[in-house]
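Trainee: I am attaching a structure below and will ask some questions about it afterwards.
The values are calculated or read from the model by the stated rules, or taken from the named source; none is laboratory data. Every value quoted in this text rests on a predicted model; they were computed, and no experiment measured them. Ideal geometry is used to build each Cβ from the backbone, glycine not excepted, and the neighbour counts take in all protein chains shown.
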Amino acid sequence: MDFRHLRYFQAVAEELSYSKAAQRLHIAQPALSRAVKELEDRLGVTLLDRNRRSVALTAAGRVLLNETGLLLQRFEEATRKVQRTAAGDEGELRLGFIGPPTQNFLGRVLQEFRRRHPRVSVVLEERTPERVWEMVVRGRLNIGLTRPVLASRALGLQTALLRKERLCAALPTNHPLAKAASVRWRNLADESLIILARREGVGLHDAALEACRQARFTPKLAHTPSLVSTVLSYVEAGAGVGVIPDSVCSLGSGMAVVFRPLTPAHTVELVMVWSDQAESPPAAAFRSLMQECLRAGSLWKPA
């Protein structure tokens, strides 16, 4: 017994006519009669009382007609759900990200993703760069928007570069260097520097220290907070000069802090990471949207 038998029985039961049911199904009447007989034999009951003049449902036939309608409806719903899932239109997307570097675009991208795939449930996880990589490797996240980490290659994930962010100096508004259009790294040699803690952002931390090394001075680290917003709070309080990526500049709105590009230019990367070993259709759909935005140049807007 298969769905074909049930569909054939349903047609005869609703039409109460083998000839009309055969026309409806576009099959020969003898084939229809055989299918209904096979179904009755399989169930061991009589479903239809029939003679040369009429066809009538038995009590068992009425029950099966009702159940068949429910079964076929459920099967059609399941078929549509499977097809939507395969197309990335159904399921769950678990997305990991680091905060300030993604705030310029993430909300807009997710809004468009929800418009295109309203049946996909989106779960967001804000974590440190290292934690995002770990969770993608373990399959707890489908995609990560993060920075490269020291073990990036060894972890075996796929990556796509989203942006190279230039490092900037965050200065109190009354600082002498705030009047300049840009700040040379060498000018920071005698300053107390405030940099994100290495455990929270190894890429940013190490890039800042390497830039200082290339400028031939050892930085005086005054504070290494866990949150980049705290870096700006220290700067506003006059505790030193912050070193931040340019994506963070928008966080300083309303604060007594100014931002100046550091020269020569040093950058930190923002990347999208995923595993091609267990990629779900919703994750593939999100990656496709991100690539579409990158090609169109619409991912990044001025801060």
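Trainee: Can you pull out every residue in the stretch 237-256 that is buried (at least 17 other Cβ atoms within 10 Å of the Cβ) and of a type outside the set (Val, Ile, Thr)?
Mentor: Residues satisfying the conditions are Gly240, Gly242, Pro245, Asp246, Ser247, Cys249, Leu251, Gly252.
Trainee: If you take just the strands (runs of 3 or more DSSP E) that sit entirely in the stretch 189-255, which of them hold at least 2 residues that are under 27 Å from Trp300 (Cα atoms) and more than 27 Å from the chain's Cα centre (by Cα)?
Mentor: Numbers: elements: 192-194, 220-223, 241-245.
Answer list for the stretch 189-255: 241-245.
Trainee: Exactly one condition in (1) among the small types (Gly, Ala, Ser); (2) touching a Leu at 6+ places or on another chain (Cβ under 7 Å); (3) closer than 19 Å to Pro100 by Cβ is false for Ala211; which is it?
Mentor: (3)
Matching residues to (1) out of contact with any Gly (no Cβ under 7 Å at 6 or more places or on another chain); (2) touching a residue at least 60 places away in the same chain (Cβ under 8 Å):
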| site | (1), (2) |
| --- | --- |
| Leu193 | no, no |
| Leu204 | yes, yes |
| Leu232 | no, yes |
| Pro245 | yes, yes |
| Val248 | yes, yes |
| Phe259 | no, yes |
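Trainee: Could you list, in sequence order, the residues of the stretch 47-60 that are within 20 Å of Leu71 (Cα to Cα) and out of contact with any Gly (no Cβ under 6 Å at 6 or more places or on another chain)?
Mentor: Answer for the stretch 47-60, where residues must be within 20 Å of Leu71 (Cα to Cα) and out of contact with any Gly (no Cβ under 6 Å at 6 or more places or on another chain): Leu57, Thr58, Ala59, Ala60.
Trainee: Another question about this same structure. Can you work out which of the residues in the stretch 158-171 that are of a type outside the set (Lys, Arg) and out of contact with any helix residue (DSSP H, G or I) (no Cβ under 6 Å at 6 or more places or on another chain) is farthest from Val271 (Cα to Cα)?
Mentor: Going through the qualifying residues, I end up with Ala169.
Trainee: Something else: When the residues of the stretch 120-140 are narrowed to those that are among the charged types (D, E, K, R) and part of a strand (DSSP E or B), which ends up farthest from His205 (Cα to Cα)?
Mentor: Residues of the stretch 120-140 among the charged types (D, E, K, R): 125-127, 130-131, 134, 138, 140.
Still in the list and also part of a strand (DSSP E or B): 125-126.
Working: Glu125: 22, Glu126: 19 Å.
Among residues in the stretch 120-140 that are among the charged types (D, E, K, R) and part of a strand (DSSP E or B), the one farthest from His205 (Cα to Cα) is Glu125.
Trainee: Answer yes or no as to whether Ala265 is part of a loop (DSSP other than H, G, I, E, B), within 21 Å of Arg163 (Cβ to Cβ) and among the aliphatic types (A, V, I, L, M).
Mentor: On the way: part of a loop (DSSP other than H, G, I, E, B): yes; within 21 Å of Arg163 (Cβ to Cβ): yes; among the aliphatic types (A, V, I, L, M): yes.
So Ala265 fits the description; yes.
Trainee: Looking at the stretch 31-51, which of the residues that are loosely packed, with under 14 Cβ neighbours inside 10 Å and of a type in the set (Asp, Glu) is modelled with the lowest pLDDT?
Mentor: Among those that are loosely packed, with under 14 Cβ neighbours inside 10 Å and of a type in the set (Asp, Glu), it is Asp49.
Trainee: Shifting gears a bit: Quick one: Ala278 ticks every box in (1) part of a helix (DSSP H, G or I); (2) assigned by TED's automatic domain parsing to the domain that holds Gln158; (3) hydrophobic (A, V, I, L, M, F, W, C) bar one, so which box is it?
Mentor: Here Ala278 meets the rest and fails (1).
Trainee: Only one of these is exposed (fewer than 13 other Cβ atoms within 10 Å of the Cβ) and hydrophobic (A, V, I, L, M, F, W, C): Ala28, Ala21. Name it.
Mentor: That would be Ala28, the only listed residue that is exposed (fewer than 13 other Cβ atoms within 10 Å of the Cβ) and hydrophobic (A, V, I, L, M, F, W, C).
Trainee: Same structure, new question: Just for helices (runs of 4 or more DSSP H) wholly inside the stretch 1-103: which have at least 2 residues that are among the β-branched types (Val, Ile, Thr) and farther than 30 Å from Leu289 by Cβ?
Mentor: Per the criteria, 59-86.
Trainee: Still on this model: I need the full set of residues from the stretch 120-160 which are surrounded by fewer than 17 Cβ atoms within 10 Å (Cβ to Cβ) and acidic (Asp, Glu), in order please.
Mentor: Within the stretch 120-160, Glu125, Glu126 meet the criteria.
Trainee: Has the stretch 52-68 got at least one residue that is exposed (fewer than 13 other Cβ atoms within 10 Å of the Cβ), outside the structural domain of Val122 (by TED's automatic domain parsing), at pLDDT 85 or above and hydrophobic (A, V, I, L, M, F, W, C)?
Mentor: yes
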